[in-house]
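Engineer: Here you go, one structure.
The values are calculated or read from the model by the stated rules, or taken from the named source; none is laboratory data. Everything numeric in this text was worked out from a predicted model, so none of it was measured. Don't worry about glycine lacking a Cβ; one is built from the backbone with ideal geometry, like all the others, and counts go over all protein chains shown. Side chains included, ligands, DNA and RNA excluded: accessible areas come from the protein's heavy atoms. Shrake-Rupley method; radii C 1.70, N 1.55, O 1.52, S 1.80 Å.
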Amino acid sequence: IATIFLDRQLKVKRFTPRATEIFNMIPGDVGRPLAHVTHTLESDNFEESAETVLRTLQTAEREVRSRSGRVFLTRFVPYRTIEDKIEGVVMSFIDITERKRAREAKFFLASIVESSEDSMLTVNFDGIITSWNKASENLYGYTAKEVIGKPLTMLTLPE
């Protein structure tokens with residue numbers, strides 16, 4: 001996880017090696033304002049988000065894309081000391097690119113299955129029905145609500 005620690009003036013206090021894959025930072029950047037550090041992300045209002053977190057002491061998160069197409073879940077959290085004093089903000093960047101692609105592919109495939117005029121259903125390794133389209137409803141006479149979670153063996157074609 002790429003992580004950057006900022007002080008209350010939004011100057012870099014420290015960063016993880018992973019952060020250098022997103023922000024063009026070197027050890028000499030410690031003490032510099034975050035606004036002076038270039039990065040590979042499309043969004044550029046990190047300072048505004050960090051200021052909001054400092055003002056409200058509420059965690060914030062959002063998705064940002066890199067210019068190369070990677071997607072990161074960006075989290076802004078107040079940085080507290082052991083004495084419970086707010087020293088700044090911790091920014092973390094979690095790469096969720098593959099998770100996003102898998103979710104998009106799942107929705108794409110689900111829309112194909114649902115719109116198909118052929119009966120399509122899926123079962124898990126235990127033989128339990130996990131999805132059911134409209135054509136299956138027409139063929140078997142059961143709604144998705146009636147069969148999802150039930151064993152495949154309950155199905156028989158009408159005479």
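Engineer: Kindly indicate whether Thr153 is touching a residue at least 24 places away in the same chain (Cβ under 8 Å) and either under 33 Å from the mean Cα position of the chain (by Cα) or in a helix (DSSP H, G or I) (or both).
Structural biologist: Values: touching a residue at least 24 places away in the same chain (Cβ under 8 Å): yes; either under 33 Å from the mean Cα position of the chain (by Cα) or in a helix (DSSP H, G or I) (or both): yes.
Criteria met by Thr153.
Engineer: Let me ask something additional. Return the residues of segment 120-158 that are surrounded by 12 or more Cβ atoms within 10 Å (Cβ to Cβ), over 18 Å from Phe107 (Cα atoms) and among the polar types (S, T, N, Q); say none if nothing qualifies.
Structural biologist: The answer is Ser136, Thr143.
Engineer: Next question. Looking only at segment 27-49, which residues are within 22 Å of Arg70 (Cα to Cα) and hydrophobic (A, V, I, L, M, F, W, C)?
Structural biologist: Passing the criteria: Leu34, Ala35, Val37, Leu41, Phe46.
Engineer: Something else about it: Looking at Ser111, Ser43, can you tell me which residue is surrounded by 13 or more Cβ atoms within 10 Å (Cβ to Cβ), on the phi < 0 side of the Ramachandran plot and either free of Cβ contacts under 8 Å to residues at least 40 places away in the same chain or within 18 Å of the chain's Cα centre (by Cα) (or both)? Steps first, answer last, please.
Structural biologist: Working: Ser111 fails: surrounded by 13 or more Cβ atoms within 10 Å (Cβ to Cβ).
Within the list Ser111, Ser43, the selection yields Ser43.
Engineer: Take Glu117 and decide whether it is in contact with a helix residue (DSSP H, G or I) (Cβ under 8 Å, 6 or more places away or on another chain), open to solvent by less than 60 Å² (accessible area, probe 1.4 Å) and without any contact (Cβ under 8 Å) to a residue 40 or more places away in the chain. Break it down stepwise before answering.
Structural biologist: Numbers: in contact with a helix residue (DSSP H, G or I) (Cβ under 8 Å, 6 or more places away or on another chain): yes; open to solvent by less than 60 Å² (accessible area, probe 1.4 Å): no; without any contact (Cβ under 8 Å) to a residue 40 or more places away in the chain: yes.
Taking the combined requirement at face value, the residue does not satisfy it.
Engineer: Scan segment 6-23 and report the pairs whose first residue is free of Cβ contacts under 8 Å to residues at least 40 places away in the same chain and whose second residue is surrounded by fewer than 16 Cβ atoms within 10 Å (Cβ to Cβ), with Cβ atoms within less than 6 Å and a gap of 6+ or a chain change.
Structural biologist: Taking only residues 6 or more apart or on different chains, the pairs are Lys11/Gly31; Lys11/Pro33; Val12/Val30; Val12/Arg32.
Engineer: Related question: For Glu117, only one of the following conditions fails: (1) part of a loop (DSSP other than H, G, I, E, B); (2) modelled with pLDDT of 85 or more. What is its number?
Structural biologist: Answer for Glu117: the failing condition is (2).
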